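The structure that follows is given in the form of C-alpha cells.
Derivation of every value follows stated rules applied to the coordinates shown; laboratory data play no part. Nothing here was measured: the structure is a model prediction, and the numbers come from that model.
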Amino acid sequence: LASGPNNQGYSGTVGRKFDPSIINPDQPYTVTFQLRWDSTYHTLDTLQIFGDVGTNYAWGTNGNNTWVITTYHNSGNPVWRLNDGNGDGTSTSINTTMALTAGTVYTFTVEVDPVAKSWSVLIDDGTTQYQSDTLGFRNAATSGAGNSLYLGGTVRGPDRTLTYAVDNVTVSSGEVTEPEPPSGAIVAEFTAGNTDTAVDGYQGMVGASSGL
C-alpha cells in the first residue's frame with residue numbers, strides 16, 4: 001500500500017469494517033497482522049494503524065479512535081509509538097523501544113477489550129519483542145456498528161509517499177475467527193471511498209502495492 005499527498009494534510013487510509021455476524025466488536029477481540037515498511041523515513045512522516053468507532057472512513061487518527069499505533073521520528077531513530085487514550089478523544093503518546101527499520105517484517109498482536117475500554121499490543125520483529133502495558137481507548141464509545149480497522153499515514157510534502165506492505169490480517173473473538181479467503185481471492189479492494197455502507201473503503205490518496 002502507499003499513502004501520498006492530497007488536500008487533507010497529505011493523509012490517506014484504507015479501512016475495513018467488522019462483520020458483526022462473525023465478530024462482535026462490543027466484546028473482546030484480537031487483531032493480528034504483519035507489516036513491512038518500505039520507505040525512506042522523513043522526520044515528519046507518520047504511519048498510522050488504528051481502530052475507530054466512527055461510521056465514515058477516516059482520513060487519519062482522530063477523536064473517534066479506540067486503539068492507535070503510529071510511528072515517531074525520535075530524533076532520526078524512528079520507533080513505533082502507542083496512544084494511551086483517556087476515553088474522551090484525547091490520549092498520551094508512548095514511545096516503544098521497537099525501532100522502525102525499512103525491510104523488516106513486524107508481527108502485531110493487538111488485544112482489544114471494548115468492555116474494559118482498554119487494549120495492549122505485542123510487536124515482534126523476528127528477533128526481539130515489545131509487549132505494551134494495558135492502555136486505554138482514546139474514545140470510550142463501543143458502538144459495534146462503526147468499528148473498523150485502518151491502515152494509513154501522513155506525509156509532510158507534495159513529493160512524499162509512504163510505501164508499506166501488509167499481510168496475514170486476522171480478527172478473532174473467542175473461538176470465532178474470520179474465515180480465510182480462497183487462495184488468490186481479493187478480500188478488500190478499498191474502492192468504496194467515504195461511506196458508512198461499504199465493508200471496505202478509503203480516504204485520501206492511497207494505492208495498492210506488493211504484498212510481503
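How big is the C-alpha Rg of segment 13-132 next to the rule-of-thumb value 2.2 N^0.38 Å, as a ratio?
Scaled against compact globular proteins, the figure is 1.06.
Measure out, as a whole number of angstrom, how far apart the alpha-carbon centroids of segment 31-52 and segment 98-123 sit.
11
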